[in-house]
1. For semi-axes √(5λ) of the Cα gyration tensor in Å, one of [x] 36, 17, 14; [y] 66, 16, 11; [z] 36, 24, 20 was computed from the structure I shared and the rest are decoys. Which label?
2. Given the peptides 114-123, 75-84, arrange them by the average over their residues of other C-beta atoms within 10 Å, most packed first.
3. Take the alpha carbon gyration tensor of the range 3-48, find the square roots of its eigenvalues, order them as a ≥ b ≥ c, and report rounded if a/c is under 1.5; if not, report prolate when a/b exceeds b/c, else oblate.
4. If we sort 61-67, 17-23, 132-138 on the protection proxy, mean other Cβ atoms within 10 Å, highest first, what's the order?
5. Give me the percent relative contact order of the chain, please, defined on Cα pairs under 8 angstrom at least 6 residues apart.
6. Could you work out how far helix 80-92 tilts from the main Cα principal axis of the chain, as a 0 to 90 degree angle to the nearest 10?
7. Near CYS169, within a Cβ-to-Cβ distance under 14 Å, what is the net charge of the other residues, with Lys and Arg +1 and Asp and Glu -1?
Amino acid sequence: MDLRIVKTRKTIRGVFLALREKNALEKMRVNKLCEMALINKTTFYKHYQDIYALSGEIENETIQGILDDFASVNTLFSDTDGFIRGLYAAFKSREQLIMTLFSGRMNVLVDKVEQQLVRHYPALGTSPEKEILLSFLIKGASSVLMEARFEEETMLTTLTKVARQIIGCIETAGN
């Protein structure tokens, strides 16, 4: 890729994240981003359809990066504790970026993670029962983790116990 394109995209993304820290996605404007990035709107639109496309691209790359760095992604059924703790650590390592990108839209984060995990475990999508149980596990765990009302170890230990029970139901649904 041309170095100018790389630099322009990097600038646009950096300014986007700086603006996103202070503004809801719905209130962000291409004009303001272009002004701060020292580019014109035509340049922005050569790279992105709109603010939502830019945000979506960064969100998807962030989630993919989390899953790529998450060594235990294949252990949901064999090592539930390692899976839960590994996923938690992968999210914690990008906590600031996640809070910036998904502020006020955590449901979008959870939905995108769920979609990625269903793609990663395609057998789960073969039955409505399995998919419902996985969705329940992800959304329930996400809610507990985002609230952060409990001590970290208590939270992770409890989530692991509940996840094992749900996984037992998933495995039963497969028989």
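What follows is calculated from the coordinates using simple rules that are stated; it is not laboratory data. Quantities reported herein were computed from a predicted structural model and do not represent experimental measurements. Glycine also receives a Cβ, built like all others from the backbone with ideal geometry; neighbour counts cover every protein chain displayed.
1. Of the listed options [x] 36, 17, 14; [y] 66, 16, 11; [z] 36, 24, 20, [x] comes from this structure.
2. 75-84, 114-123
3. Numbers: a/c = 2.18, a/b = 1.59, b/c = 1.37.
Cα axes put the range 3-48 in the prolate bin.
4. Taking the mean over residues of other Cβ atoms within 10 Å, the ranking is 132-138, 61-67, 17-23.
5. Normalised by residue count, the contact order of the chain is 18 percent.
6. 20 degrees
7. Numbers: positive: LYS130, LYS161, ARG164; negative: GLU129, GLU131, GLU171.
It works out to a net charge of 0.
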